[in-house]
Amino acid sequence: MEAVTHIDTLDEEETQQWKRAIFYLYLLILHRRPTEEHEELQTLVHQHIQETSRKEEGEKMAQTMAEYLIEQGEKQGEKRGERRGETRAKREDILKLLRLRFDSVPESVASRITAIRNLSRLNTLFDRVATAKTLDDIDWEN
C-alpha cells in the first residue's frame, strides 16, 4: 500500500494523474488478484487515501468498476444461456422431425442426439434427417 500513499501525495494540479493511477490500481486488483482478495485489497486502498474527497472518488471508481464487471459477467451468462437454449431447441427439433418422418425413434438414436453439444453439428444433422429416406441413410458421425 506504499504505492497508494505515494499516489495520494500528488497535489490538486495532478488530479488527473491521481485518478489514472488509482484507476489502474483497481484494475490490477480486479484483473490480477483472486476474487476472494478483491474486497480486502480495495479496503486497503481506501484506508491509505487520506483526503476525504479523493477517498470518495476512489470508492466511486471501485463501485463503478465492480458494476461494470458484474454487467460483463451477466452478458456472458446470457450469451451462454442463449447458446444452450438454441442447442436444446435444435435437439428437440431433430427428435420431433425424426418422429414425424419415421414414427418412432430408437432410444440409442435419441441418446446420441441429446449428447451432441455443438450447434453447427446439430444443424447439419437436422438437414440430414430432413432429407433421409430411412434412419439408416443418416450419417450420425459428422
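The values are calculated or read from the model by the stated rules, or taken from the named source; none is laboratory data. The shown structure was predicted, so the numbers you read here are calculated from the model rather than taken from an experiment. Heads up, the Cβs are rebuilt from the backbone with ideal geometry, glycines too, and the neighbour counts pull from every protein chain shown.
So here's what we get for this one:
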quantity: Given (1) at pLDDT 95 or above; (2) out of contact with any helix residue (DSSP H, G or I) (no Cβ under 9 Å at 6 or more places or on another chain), index of the condition Ser108 fails; calculated: (1)
quantity: Test: residue in region 26-39 that is in contact with a His (Cβ under 9 Å, 6 or more places away or on another chain) and at pLDDT below 90; calculated: yes
quantity: Residue in region 93-115 that is on the phi > 0 side of the Ramachandran plot and among the acidic types (Asp, Glu) present; calculated: yes
quantity: Residue count for region 14-62, restricted to those that are loosely packed, with under 12 Cβ neighbours inside 10 Å and either outside any helix (DSSP H, G or I) or in contact with a strand residue (DSSP E or B) (Cβ under 7 Å, 6 or more places away or on another chain) (or both); calculated: 2
quantity: Meets criteria (in contact (Cβ under 8 Å) with a residue 12 or more places away in the chain, of a type in the set (A, V, I, L, M, F, W, C) and touching a His at 6+ places or on another chain (Cβ under 7 Å)) for Ile116; calculated: no
quantity: Residue tally, condition over 30 Å from Lys79 (Cβ atoms) and either in contact with a strand residue (DSSP E or B) (Cβ under 7 Å, 6 or more places away or on another chain) or exposed (fewer than 15 other Cβ atoms within 10 Å of the Cβ) (or both), over region 102-138; calculated: 10
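Residue-wise test of (1) outside the structural domain of His31 (by TED's automatic domain parsing); (2) hydrophobic (A, V, I, L, M, F, W, C); (3) in a loop (DSSP other than H, G, I, E, B); (4) in contact with a Phe, Trp or Tyr (Cβ under 8 Å, 6 or more places away or on another chain).
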| site | (1), (2), (3), (4) |
| --- | --- |
| Tyr68 | no, no, no, no |
| Leu95 | yes, yes, no, no |
| Ser104 | yes, no, yes, no |
| Ser108 | yes, no, no, no |
| Arg112 | yes, no, no, yes |
| Ile116 | yes, yes, yes, no |
| Leu122 | yes, yes, no, no |
